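Q: The following block contains the structure, expressed as structure tokens.
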Amino acid sequence: MSRYARNFQSISHKEQERLAGARVCVVGLGGLGGGVVEMLARIGVGTLDLVDGDCFDETNLNRQLLSTEKKLGVSKATVARERVAAINSTIKVNAFNAFLTRENAHKIMGQAQVAVDCLDSISHRFLLQEFAQIRNIPLVSGAIAGSTGQVTVIFPDDPGFKLIYGDPRDNKESGIEAQLGNLAHCALMVASLQSSEVVKVLLGRGEILRNRLLICDLMSNTFEVMQLV
Amino acid sequence: MISVDLNLFATLRSFLPDSPKTMTVPPGTCVMDLVTQLAIPEEDVKLIFINGKKEALSYVLQDNDRVGIFPPVGGG
């Protein structure tokens, strides 16, 4: 299929088929999630479960790829489904206009091979990790604040977020993004790094950020991979 | 005295001393001492990396250590 012609210098035909057979659940369809959905759809991940109970508002327009003036007030999950269909009609999309909860987690995440954490609150990240670990699937997590971002990959038996945030009870709902806000270029850069990790996990090749945290600070052009354990 | 290379990220950057990067501290100084000396609120210190590896506030600094301190990042 010529749609993937430019992939084939880096991804074999067999690997492309593997991506077509893969199923990924993206939780949160804002600054990070919008970018991740765009990239996973373009590279050809066959089934996407897209989760967000929110609707677009004007404050999203500065950075969220899926938000447009015409879509203000529209469900993020609905817009994400439309965007994937416009990019790549071969992809099956399950759009969930809901926030992930203990009650719906099984239904929403039940069949994905990888979950992607594109959430915007620390407490919800811990919940998502719990759900991913129960489902026995890896979780690719990204977080941003201002010009700073971080990415890690958590496998079912890994300590995960407690290595990054400590005890969940000691955390506020938000990190320093409450002071610094979020910028488009940082959101999309971290979304790119997350998409790269998803592809590597699905294809089983490359160095994966397991028990490691990639930290970037665009103000100082710092990119470092830190060992968490 | 020992020298450490100091990197403070994002909101913590404002706590960097006037002559940043390399700091001189007495032997036996731990990261918590450094945080106190720089007047960084402890609740703003989420991750400490020494030479690229996560460490605790109690870590005792060694000569030429590369110290990175990060606040909590949770936005999406």
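Q: Counting each DSSP H run of 4 or more residues in chain A as -39500 (n - 2.57), what helix-only mean residue ellipticity at 222 nm follows after dividing by all residues, to the nearest 500 deg cm²/dmol?
A: -10500 deg cm²/dmol
Q: Can you figure out the FRET efficiency of A:Ser12 with A:Asn62, using R₀ = 30 Å and their beta-carbon distance, to the nearest 0.05?
A: Between A:Ser12 and A:Asn62 the formula returns 0.20.
Q: Based on the Cβ-Cβ distance of A:Lys107 and A:Tyr4, what FRET efficiency does E = 1/(1 + (r/R0)^6) give at R0 = 30 Å, to the nearest 0.05?
A: 0.45
Q: DSSP beta bridges in the protein assembly as shown, what fraction antiparallel, as a percent rounded to 5?
A: Approximately 55 percent, going by the DSSP bridge assignments.
Q: Okay, next question. Just need the Rg to Rh number for chain B, please, alpha carbons only, Kirkwood Rh.
A: Numbers: Rg = 11.6 Å, Rh = 12.4 Å.
Expressed as Rg/Rh, it is 0.94.
Q: Give me the Debye-computed log₁₀ of I(q)/I(0) at q = 0.11, 0.25 Å⁻¹ for the range A:140-229, equal point scatterers on Cα only, no solvent, two decimals.
A: -0.31, -1.37
Q: Considering the options B:Gly28, A:Gly35, A:Ala143, tell which one lies farthest towards the positive end of the dipole of the protein assembly as shown, charges being +1 on Lys and Arg and -1 on Asp and Glu at the Cβ, about the Cα centre.
A: A:Gly35
Q: Here's another thing I want to ask about it. Under 8 Å for C-alpha pairs, at least 6 residues apart: give me the relative contact order for chain B, rounded to a whole percent.
A: 42
Q: Would you calculate, for chain B, the mean residue ellipticity at 222 nm contributed by helices, counting each DSSP H stretch of 4 or more residues as -39,500 (n - 2.57) and dividing by all residues, to the nearest 500? Mind dumping the intermediate values first?
A: On the way: 1 runs with 7 residues, N = 76.
After summing the helix terms and dividing by the residues of chain B, the value is -2500 deg cm²/dmol.
Q: Additional query: Set the Förster distance to 41 Å, then compute FRET efficiency between A:Asn136 and B:Asp18 from the Cβ-Cβ distance, nearest 0.05.
A: On the way: r = 52 Å, r/R0 = 1.26.
The value I calculate is 0.20.
Q: If you add up the charges near A:Met109, with Lys and Arg at +1 and Asp and Glu at -1, over every other residue whose beta carbon is less than 12 angstrom from its beta carbon, what do you get?
A: Neighbour charge sum, excluding A:Met109 itself: +1.
Q: Calculate how large, on average over all directions, the projected area of the Cα convex hull of the range A:9-85 is; give the answer in nm² to one decimal.
A: 5.3
Q: Calculate, axis by axis, the spread of Cα positions in the range A:2-227 along the three principal axes, and write the results as whole Å, longest axis first.
A: Cα extents, longest axis first: 48, 41, 41 Å.
FYI, it's all coordinate maths here, none of it is from the lab. Owing to the predicted nature of the structure, the values given are computational and were not obtained by experimental measurement. Positions of Cβ are generated from backbone atoms using ideal geometry, with glycine treated the same way; all protein chains shown enter the neighbour counts.
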